[in-house]
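Report on the structure given below.
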Amino acid sequence: MELLITGSTGFVGRNLLLKILREYPERWSRIILPVRDPEKLRSQLRSERCDGPEMGEKLLICRVSDDAWNLPSGVRPDLVIHAAGRLFGRERGEYFQTNVKGSLALAGQLPKSARMIVLSSLAAGGPTPEGVEARTRKDPDTPVSFYGASKLAMEQGLGYLLAGRLLILRPPMVLGPRDTATMPLFQMAKGWLRVKPGLKKKNYSWIAVEDLCEAILNTAGAAWPQQGPFYLTATETISDAGLLATAGSVQGRRGMAVPVPHCCIQMLSLLLDAIPPWRNAVPSLGRDRVREILPDRWVCDGTPFVECFAWKPSKGLTETLRESVEWLNTQKS
């Protein structure tokens, strides 16, 4: 059995690859890793001490360019876990080029027998509809950002190409080690005053990357009675102020959340978007992703996935954020 993983130098894909190598090394005969920067992946594997000779025999690291996913000839995976994608961009076309056209280009090169697990996002469904506790699979999809719209279009395109060979997973906010994008969160949580977008309380579903990887691997060898999309969540819902407080607590800091009107956040996003160094430092505050900050509720129902695949999350927020900050501290030393 051969496995192909995309996004293996990114947050979820990197955690997934390491989990497989450390806990399930015999599950697949070969693991194919298409990346734009093979040396970056090799460096990451060295830093995690997963670069031994036995790994060299199991891993096929191949260079791909742009979003064409030009896989080497002879690559015929049995399963693809598609974790790559564009998270941040300035224009609609940037998201659609990578998340839609790139994903379809990858799917078009797969053997007819290959199955694909694709990591989409709660953003493809949109925020929780008014008047309900949690977004369900029955609710109409209403993405509010170009990013979310591109993920929804990706799901639809892959569903047409792969039909019964596709499983769509929609995680909400993913937290855990090896995510450099959370660095601004921990930096803000160190201060006594912590900026909270919006005057109202915001509520979110979330999932620890460790739980997400376990859920993905749980589906890898299972039958897929449905294509999805499936939402995956931790058991607890978190608030924006609660997230900041917990991020501060795991660093031994106390502080107070200061609500900032949405109009100020939107003005800040316009400023950041105009200055590349600032935009690159805080990509989550770009104009498009700020559209996702404005809604007050991003809560989804993960019950159908739990029932279908007999999986349960185990990580709590405090444990997950503590592991995150510990990993970030190792990067500074």
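The values are calculated or read from the model by the stated rules, or taken from the named source; none is laboratory data. As the structure is a prediction and not an experimental result, all values here were calculated from the model. Positions of Cβ are backbone-derived with ideal geometry, glycine not excepted, and every protein chain shown enters the neighbour counts.
Would you be able to say whether some residue in segment 232-246 is closer than 25 Å to VAL80 by Cβ, modelled with pLDDT of 95 or more and not acidic (Asp, Glu)? Yes, segment 232-246 contains a residue that is closer than 25 Å to VAL80 by Cβ, modelled with pLDDT of 95 or more and not acidic (Asp, Glu).
Within segment 230-278, the set of residues being farther than 24 Å from LYS200 by Cα and touching a residue at least 40 places away in the same chain (Cβ under 8 Å) comprises PHE230, TYR231, LEU232, VAL250, GLN251, ASP273. Looking only at residues in segment 181-217 that are touching a Phe, Trp or Tyr at 6+ places or on another chain (Cβ under 8 Å) and polar (S, T, N, Q), the one that is nearest to LEU321 (Cα to Cα) is SER205. When restricted to residues that are within 13 Å of VAL144 (Cα to Cα) and either in contact (Cβ under 8 Å) with a residue 60 or more places away in the chain or surrounded by fewer than 18 Cβ atoms within 10 Å (Cβ to Cβ) (or both), segment 279-295 contains 8.
If you go through segment 208-227 and keep only what is among the small types (Gly, Ala, Ser), at pLDDT below 95 and touching a helix residue (DSSP H, G or I) at 6+ places or on another chain (Cβ under 8 Å), you end up with just ALA222.
Within segment 222-266, being β-branched (Val, Ile, Thr) and farther than 22 Å from ALA134 by Cα holds for THR246, VAL250, VAL258, VAL260, ILE265. Name the pairs whose Cβ atoms lie under 8 Å apart, with the first residue in segment 33-45 and at negative phi, the second surrounded by 18 or more Cβ atoms within 10 Å (Cβ to Cβ) and among the charged types (D, E, K, R), and 6 or more positions between them or separate chains? From residues that are at negative phi, the pairs are GLN44/ARG14. Candidates are the residues of segment 254-293 that are over 17 Å from GLY191 (Cα atoms) and assigned to a loop (DSSP other than H, G, I, E, B); the one that is modelled with the lowest pLDDT is VAL282. How about segment 111-136: which of its residues are farther than 22 Å from CYS213 by Cβ and over 17 Å from the mean Cα position of the chain (by Cα)? Scanning segment 111-136 gives PRO111, LYS112, SER113, THR128, PRO129, GLU130, GLY131, VAL132, GLU133, ALA134, ARG135, THR136. Applying the criterion of being of a type in the set (Gly, Ala, Ser) and in a loop (DSSP other than H, G, I, E, B) to the residues of segment 234-253, the residue that is surrounded by the most Cβ atoms within 10 Å (Cβ to Cβ) is ALA234. On the stretch given as segment 106-140, residues that are basic (Lys, Arg), surrounded by fewer than 22 Cβ atoms within 10 Å (Cβ to Cβ) and touching a residue at least 40 places away in the same chain (Cβ under 8 Å) total 2.
Residues are listed down the side, and each one gets a yes or a no for (1) part of a loop (DSSP other than H, G, I, E, B); (2) over 30 Å from MET116 (Cα atoms):
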residue	(1), (2)
GLU155	no, no
ILE168	no, no
ARG178	yes, no
MET188	no, yes
